[in-house]
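The values are calculated or read from the model by the stated rules, or taken from the named source; none is laboratory data. Because the structure is a prediction, the values reported are computed rather than measured. Because the Cβ atoms are built from the backbone with ideal geometry, glycine has one as well, and the counts that use them run over all protein chains shown. Areas reflect the complete protein model, heavy atoms only, side chains present, ligands, DNA and RNA absent. Shrake-Rupley method; radii C 1.70, N 1.55, O 1.52, S 1.80 Å.
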Amino acid sequence: MAHKPTIAFLGTGLMGSPMARNLLRAGFSLHAWNRSQEKAAALGAEGAVVFIDPREAVREVDVLITMLKDGPAVREVVFQQGVAEALPKGATHIDMGSISPAEAIEHARLHEKLGHPCLDAPVSGGTIGATEGKLAIMAGGEEETFHTHVPIFEAMGTPSHIGPHGCGQLSKLANQVIVAVSIGAVSEAFILAGAGGADPAKVRQALQGGFASSRILSEHGLRMVERNFQPGGPAKFQLKDLNNALNAANTHNLDLPITRLLQQLYDAMISAGGGELDHSALLTHLEKMQPDQKL
């Protein structure tokens, strides 16, 4: 990348705002837009040019980054509101939100007709990783397109090229399956330990020295011990990813019974009003299934 490209960043919410800030700190010129305008306006004081109309935000940029809630939101903003048509020919669309692999492939097909390279590049690491610029970035698309945009990715985290269009999203779904199952396992382990009189905080500390050690045990286990369920990754988005994982499994004629169980648990948790809590709050739903036990 011979020069620092101008970037339009659409979707400056919980994850998008810190990601956009890291791009500004890395010296990229940034256009910002968000459906809720106040969330983008805060970036204006840090050097971004803030737009009310997403089409105007992309007219003179080299790269479009979207960080929207799901596939239908990407389709609406990019393809139904005219953003794709307003994006200069040859400019690249990098979708860093979590959508289904099938949607990523379809979006790539639509972009190809308009002369836009694109990458599906979802992330893992939550708000902490986004703030610290330490996200894991999983990219699908043409390898040459990926390598051209590595300097952009490196301002936000550590990028990996996974394979063709849709493979970044498949990698993210694999990530979310592991995360969901691990949160469930840590939750049940703490419930079991607490029921027998053990201090879950001390159990967490002890387990970090053994084979059960993991980032989930370290970070989400601490959330559980401290009862801090302010969202880094809202449970409603965890459920969206599990739904997408099961849909992808059906496409490939696969049965994922453990994933299906976690999908059912998160669905029940969200139906009971827990969708805005952090996904580690699955602990509280499992506690309610055992009314005599509370961590």
note = The farthest towards the positive end of the charge dipole of the chain, of the residues ALA206, ALA248, THR148, given +1 on Cβ of Lys and Arg and -1 on Cβ of Asp and Glu, is ALA206
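Taking the highest mean first, how do the peptides 99-105, 145-151, 231-237 order by number of other beta carbon atoms within 10 angstrom per residue?
Working: 99-105: 22.0, 145-151: 16.7, 231-237: 20.3.
The most tightly packed comes first, giving 99-105, 231-237, 145-151.
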task = Extending each Cα 7 Å along its Cβ direction at HIS3 and ASN243, get the distance between those two points in nm, one decimal.
result = 4.3 nm
message = Just to be sure I understand: with springs between alpha-carbon atoms less than 10 Å apart, which residue in ALA73, ALA272, ALA155 has the highest mean-square fluctuation in the Gaussian network model of the chain?
response = ALA272
request  = Largest first and to the nearest Å, give the Cα extent of the chain along each principal axis.
outcome  = 63, 46, 34
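Rank ASP292, ASP95 by accessible area, highest first, at a 1.4 Å probe radius? Don't skip to the end; give the middle numbers.
Details: ASP292 155, ASP95 10 Å².
Final ranking, largest accessible area leading: ASP292, ASP95.
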task = Sort out for me the Cα centre separation of the range 58-100 from the range 189-236, rounded to whole Å.
result = 38 Å
Per-residue HN-Hα couplings for the range 84-92 [Karplus 6.51, -1.76, 1.60; θ = phi - 60°; Hz; x = Gly/Pro] = 4, 5, 6, 5, x, 4, x, 6, 9
inquiry  = Rounded to the nearest angstrom and ordered from largest down, what semi-axes does the equivalent ellipsoid of the range 102-146 get from its C-alpha gyration tensor (root of 5λ)?
reply    = 25, 11, 8
task = Heads up, I need the accessible area for CYS118: 1.4 angstrom probe, whole protein in place, Å², nearest 10.
result = 10 Å²
Sites GLN205 and ILE128 - FRET efficiency at Förster radius 25 Å, r taken between beta-carbons, to 0.05 = 0.80
key: Förster radius 30 Å - calculated FRET efficiency between ILE52 and PHE79 (Cβ-Cβ, nearest 0.05)   = 0.95
task = Report the residue, chosen from LEU114, LEU68, LEU277, that carries the largest GNM mean-square fluctuation when the chain is represented by alpha-carbon nodes joined by springs under 10 Å.
result = LEU114
remark   = If amide H atoms are modeled at 1.01 Å from N in the peptide plane, then the residues at a separation of 5 or more from VAL50, or on another chain, having amide H under 5 Å from its own are ALA32
query = If LYS39, LYS288 are ordered by their accessible area, calculated over protein heavy atoms with a 1.4 Å probe, which sequence runs from highest to lowest?
reply = LYS288, LYS39
task = Go through the range 257-264 residue by residue and turn each phi into a ³J(HN,Hα) via Karplus (6.51, -1.76, 1.60, θ = phi - 60°); whole Hz please, and just put x for glycine and proline.
result = x, 5, 4, 4, 5, 5, 4, 5
request  = Place the peptides 172-178, 209-215, 259-265 in order of packing, highest mean first, counting for every residue the other Cβ atoms within 10 Å and averaging per peptide.
outcome  = 172-178, 259-265, 209-215
inquiry  = Using Cα-Cα distances under 8 Å and only pairs 6 or more residues apart, what relative contact order does the chain have, in percent?
reply    = 14 percent
key: Amide N proximity, the range 170-198 versus LEU261 label position 7 Å along Cα-to-Cβ, cut-off under 18 Å   = 176-193
